[in-house]
1. Name the GluC sites (Glu not before Pro) in region 68-148 that are in a loop by DSSP and that have at most 13 other C-beta atoms within 10 Å, would you?
2. Could you work out the helix-only [θ] at 222 nm for the chain, with each DSSP H run of four or more residues adding -39,500 (n - 2.57) and the total divided by the number of residues, to the nearest 500 deg cm²/dmol?
3. Calculate the radius of gyration of the Cα atoms of region 288-338 to one decimal place, then report Dmax, the largest Cα-Cα distance, as a whole number, both in Å.
4. Take the Cα pairs of region 180-234, get the Kirkwood Rh, then feed it into Stokes-Einstein at 20 °C and 1.002 mPa s and tell me D in µm²/s.
5. Could you state how much accessible area residue 280 has, in square angstrom rounded to the nearest 10, with a 1.4 Å probe and all protein chains kept in place?
6. Once the piece of chain linking residue 174 and residue 224 is laid out straight, how much longer is it, given 0.36 nm per residue of separation minus the C-alpha distance between them?
7. Quote the accessible area belonging to residue 212 in square angstrom, nearest 10, computed with a 1.4 Å probe and with ligands, DNA and RNA left uncounted.
8. In nm, give the distance between the simple-model label positions of residue 315 and residue 257, each being 7 Å from the Cα along the Cα-to-Cβ direction.
Amino acid sequence: MLVRLEDQEFRAQVLQARGAVSMAKARLLQLQNGSRPEEVAQASANLDEARANLEDAKATLDRTRPLVKEGVFSHQQLDDAQTKYDAAVQHMQSLEKAYRLSRIGPRQEEIENARGALEQAEGQLAYAESQLDATQIRAPVTGTILERTAEKGELVTAQFAAAADTGGPRGSVVTLADLTDLQVELDISQNDFAKLSPTQKAVLTTDAYPDREYKGMINEIAPMANRQKATVQVKVKVVNPDEYLRPEENANVRFLADANQSPSHTVSSGAVVPTSAVHDSGGKRLVMVAFNGKAIAREVKVLSQRSDGYVVDGLNGGEDVIVNAPADLKDGDRVKTK
């Protein structure tokens, strides 16, 4: 746990969503179970009572009709008996429908509607719980806090990060790094890129501790080259990092030759000389080298061309190459090194 945001509002929303889920579950369970036996018995008893009232109303009506003809009862009394009978019929029919519905139970459409309402309530609960969980910012990896950008009581938001410099909301809370997973980013010249393999091993040193060496291996190669710089970015993973390494340090990388590479496939690394130091003479490529006060012509073979000159075979490395030599300079002429 790195940061805990204020969560009172989100906790209330979770409680409200849980209540809605409980109500939806109860409603669905009620429809699935149908009417209780007690409710069916009550509906049956009400129907029996209505039938008895209907029989009583019918008997009263049958007694009233002849008495009205004989003039004993008035026509108003006959109308009252007829009205009471008609009302008893309607009441009994209504109770018969209620009794049948209690026996059949709810419609399937009502059950499906209640099930959909429950799923909707559960979705709202899941959303509210995710909002509440987002108020607790946890470390995504095991690492070290490099910088803390937010203090207790400050407003944190990702939407107004640009206003943090003027005292507004913060766009981040901490800067976290896994110091056991370090890489060195470097640019390799396109002319030298073919000499590296995807798992090339290397030795790394830092400017802060040049006497400490670390093992490395190419971990990632950029899928696209930099045309302006004529380079390809390579990331070398530090195999054995320790507490002396720091992110954003300057590092030097020395790639190691593959020990399993057969001699027949070994390519000479060559030496780099300026373009103006290579001359054509009778179909040969020559480089003039200053040695013991004399100019010595050395035949070389151009292996490749780079932005800073030629890579040639025929030099051991470390020679004093004569750059921009006069056109009449010959092998054996005396020279003086300035």
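1. Numbers: sites: 70, 96, 109, 110, 112, 119, 122, 129, 147; in loops: 70.
Those satisfying the criteria are 70.
2. Working: 5 runs with 119 residues, N = 338.
Taken over the chain, the calculation gives -12500 deg cm²/dmol.
3. For region 288-338, the Cα radius of gyration and maximum Cα-Cα distance read 11.7, 31 Å.
4. Working: Rh = 12.5 Å.
Reported coefficient: 172 µm²/s.
5. 120
6. Working: separation 50, 0.36 × 50 = 18.00 nm, distance 3.18 nm.
Residue separation times 0.36 nm, minus the Cα-Cα distance, leaves 14.8 nm.
7. Here the accessible area works out near 80 Å².
8. Taking the two extended label points, one gets 2.0 nm.
The values are calculated or read from the model by the stated rules, or taken from the named source; none is laboratory data. This one's a predicted model, so the numbers in the text were calculated from it and none came from an experiment. Glycine also receives a Cβ, built like all others from the backbone with ideal geometry; neighbour counts cover every protein chain displayed. We work out accessible area using only protein heavy atoms, side chains counted, and drop any ligands, DNA or RNA first. Shrake-Rupley method; radii C 1.70, N 1.55, O 1.52, S 1.80 Å.
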